[in-house]
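All remarks here apply to the structure that follows.
Values in this text are rule-based calculations from the coordinates and carry no lab data. Remember, it's a predicted structure, so these values are computed and weren't measured experimentally. Here the Cβ is made from the backbone with ideal geometry for all residues, glycine too, and neighbour counts use every protein chain on show.
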Amino acid sequence: MFLVCILKRLRELEWIPILFVRLSVGVPFFESGRGKLFFKLEELGQYFAQLGIPFPHLNAFMSAAIEFFGGICIILGLATRLVSIPLAFIMLVAILTAQIEKVKTLGDFLYLPEVLLLLIFVWLVFSGPGKVSVDHFFARKLGVAEPRG
């Protein structure tokens, strides 16, 4: 019975780690996207060209914009599941184009920050943003919030 009470309480408090994860990935993506979008877009386009990414300047703009606006959405918990998909895709492309050459072992691969970020975004697609989010607020107002606890 004690274990059941602990598990129930942890379930009720799951919004806390979800919020911390959202903030810990949202803020850096917002900052990174802001820097790329408003200050280093040309440089990013040239880097994408060196990596052989097609339409490098267009893709530089798109990835910077997704990081910037996606970071804001992740922080707020707004369209979290939806915006996590392109952010996960950006991490997958980063792994395959810029990081994979560094990988010699499975351990090297698993230590890539992009792998962890990819997994976090996939997790957010499935878990959603938690109770402290714009998504949850609107879901409650519309009467479609998931009952938990």
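Rounded if a/c is under 1.5, else prolate if a/b beats b/c, else oblate: with a ≥ b ≥ c from the C-alpha gyration tensor eigenvalues square-rooted, which is the chain? If you can, show how the numbers build up before the last one.
Details: a/c = 3.06, a/b = 1.69, b/c = 1.81.
Here the chain falls in the oblate category.
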Worksheet item: Relative contact order of the range 16-142: what whole-number percent is it, with Cα pairs under 8 angstrom and at least 6 residues apart?
Response: 27
Worksheet item: Alpha carbon centre of the range 63-77 versus the range 105-119: separation in Å?
Response: 22
Worksheet entry | Label point distance in nm, PHE137-ILE85, each placed 7 Å from Cα along Cα→Cβ | 2.5
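Lysine pairs in the range 28-149 with alpha-carbon atoms under 30 Å apart, 8 or more places apart or on different chains: how many are there?
Numbers: LYS36/LYS102; LYS36/LYS104; LYS40/LYS102; LYS131/LYS141.
Number of lysine pairs found: 4.
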Worksheet item: Could you give the nm distance between label points at LEU58 and VAL144, where each point is 7 Å from its Cα heading toward the beta carbon?
Response: 3.2
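PRO129: net charge of surrounding residues, Cβ under 10 Å, Lys/Arg +1, Asp/Glu -1, itself excluded?
On the way: positive: ARG22, ARG81, LYS131; negative: ASP135.
That works out to +2.
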Discussion item. Under a crude label model (7 Å from the Cα following the beta-carbon direction), how far is THR105 from PHE38 in nanometres?
Written reply: 4.3
